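For reference, the structure is listed below as structure tokens.
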Amino acid sequence: MLDAVCLILGGGKGTRLLPLTEYRSKPAVPVGGKYRLIDVPISNCINSQISRIYVLTQFNSVSLHRHIRQTYNFDLFHNGFVEILAAQQTLDGSNWFQGTADAVRQQLRLLKETRNRYVLILSGDQLYRMNFGEMLNTHETAGADVTISTVPVDAAAARGFGIMQLDDSGRVHGFVEKPKDDAALAKVRTASSWIDQRGIESRGREYLASMGIYLWNREILVDLLESTTHDDFGKDIFPMAIRQHHVQTHLFDGYWEDIGTIRAFYDANLALAQADPPFRFADPKAPIFTRPRFLPSTRMGSCTIRDSLIADGCLIGSSTVLEKCVVGMRTHVGRNVTIRNTVIMGADFYPEGSAADAETGTVWGIGNGAYIDGALLDKNVSIGRNARLVASEAPSPNCDFGPVVVRDGIVVVAKGGEVADNWQFPRTQS
């Protein structure tokens, strides 16, 4: 893997994750209480012995830049790095990234200078753990020009992904983007016996969905990008590669979640809080890294906590109930608060008066007597005393009420939002 360089694509607007992406890029969105999404692909690279990593950014990238700068610093005797490649004007062009392929095309000069044999291209908004060394082994064993990682899915899920059509050797001969009818599905069906023979239990999953993870021979990638003007990998460059080159599939069957919508982000976070979660950030052989912080231990009064993740530096008052929650760093929860099925991203700082009780001092965090169920609270929010934010009480799955919005049936309070004392959903939207 020392002969591979990685490009992580993190420049999209992330409109489906609004309002979480109103002030930050998708890879900078906090996840799991104390991590950011960008930590996942970078950690997978480090654990796979890939130490030359570039992150391509464009929209709302300040917090992402700050996090990477403060987190990933290799020692002086190591050739590794994590470097930001932001969209910029040059003598060769003045346009912003027009798509995933165009973003890489604008870095061709750098790719030519690296002289690495392989280029690994990843997305910055997925939750998974993968050893890319196994993918490289598949690539080299098959003598492929391009290898794409795929995960088995059933027919219902296949309609939402790009699906591969293979021969018996695993070489890709066709690709259908989000097949909508039975005829299109039949064209890209992979026999369950073929999947079983490769050590993965098919369990009724007969379609191989693209994970958006590509391993390229560098010369092939450079040639395709220089000879075309296409902007997107999935829609343009990858189908062209199938026609002109040897494209191999690499089977993967671990946990993998594409976090691109509010619902997907919310569900993935709450799944992490289960007693037996489908994904663990702590793994002795392949941990997920993040920025170290010097925070005190979380202090909890006589409260009840079930199936929850609690990050560092929190203060949780007495008689409070937390059930199926993810609680981010520096979260302040008052007394007699009930919070269920909720993701709280925490805070970036301890404001003045933060140690005071909500009854006697500054109201910050979640005030006394609040009731929250089915919500997603971004960083630095203030929820007033006795406020009631309950997803089932919202008049519509998508509606706005000032600082409180509902997206995909989830109550969302944007970063820095302030909810007044005694707030609750009106019976009809104003």
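The values are calculated or read from the model by the stated rules, or taken from the named source; none is laboratory data. These numbers come from a predicted model, not from an experiment. Reconstructed Cβ throughout: ideal geometry from the backbone, glycine too, with neighbour counts over all protein chains shown.
Note down all Cβ pairs under 6 Å where the first residue falls in segment 99-112 and is not assigned by TED's automatic domain parsing to the domain that holds Val55, the second is surrounded by fewer than 22 Cβ atoms within 10 Å (Cβ to Cβ) and small (Gly, Ala, Ser), and they're at least six residues apart or on different chains.
From segment 99-112, no pairs qualify.
In segment 331-375, what residues are modelled with pLDDT of 90 or more and of a type in the set (Asp, Glu)?
Result: Asp348, Asp373.
Please go through segment 224-238 and pick out each residue that is of a type in the set (Asp, Glu) and either part of a loop (DSSP other than H, G, I, E, B) or at pLDDT 90 or above (or both).
Asp231, Asp232
Mind telling me which of the residues Gly260, Gly254 ends up being small (Gly, Ala, Ser), loosely packed, with under 14 Cβ neighbours inside 10 Å and closer than 25 Å to Asn131 by Cα?
Gly254
Consider only pairs whose beta carbons are under 7 Å apart and that are at least six residues apart or on different chains; among these, list those whose first residue lies in segment 203-224 and is within 16 Å of Met240 (Cα to Cα) and whose second residue is of a type in the set (Asp, Glu).
Going by the 7 Å Cβ cut-off, the qualifying pairs are Asn217/Asp145; Ile220/Asp145.
Which one of these does Asp145 not meet: (1) modelled with pLDDT of 90 or more; (2) under 27 Å from Ile288 (Cα atoms); (3) buried (at least 17 other Cβ atoms within 10 Å of the Cβ)?
Result: Asp145 fails condition (2) only.
Can we say Leu208 is within 22 Å of the chain's Cα centre (by Cα) and closer than 25 Å to Val146 by Cβ?
yes
From the list Ala275, Ala286, Ala241, pick out the single residue that is of a type in the set (Gly, Ala, Ser) and in a helix (DSSP H, G or I).
Being of a type in the set (Gly, Ala, Ser) and in a helix (DSSP H, G or I) holds for just one of Ala275, Ala286, Ala241, which is Ala241.
Name, by its number, the condition in (1) part of a strand (DSSP E or B); (2) closer than 20 Å to Leu224 by Cα; (3) hydrophobic (A, V, I, L, M, F, W, C) that does not hold for Val176.
(2)
Can you find, within segment 296-339, the residue that is nearest to Arg388 (Cα to Cα) among those that are part of a strand (DSSP E or B) and polar (S, T, N, Q)?
Thr338
Can you list residue pairs whose Cβ atoms sit under 6 Å apart, with the first residue in segment 47-76 being within 14 Å of Gly10 (Cβ to Cβ) and the second being charged (D, E, K, R) and not in a loop (DSSP other than H, G, I, E, B)? Count only pairs 6 or more apart in sequence or on different chains.
As it stands, the answer is Tyr54/Glu83; His67/Arg36, since those pairs meet every condition given.
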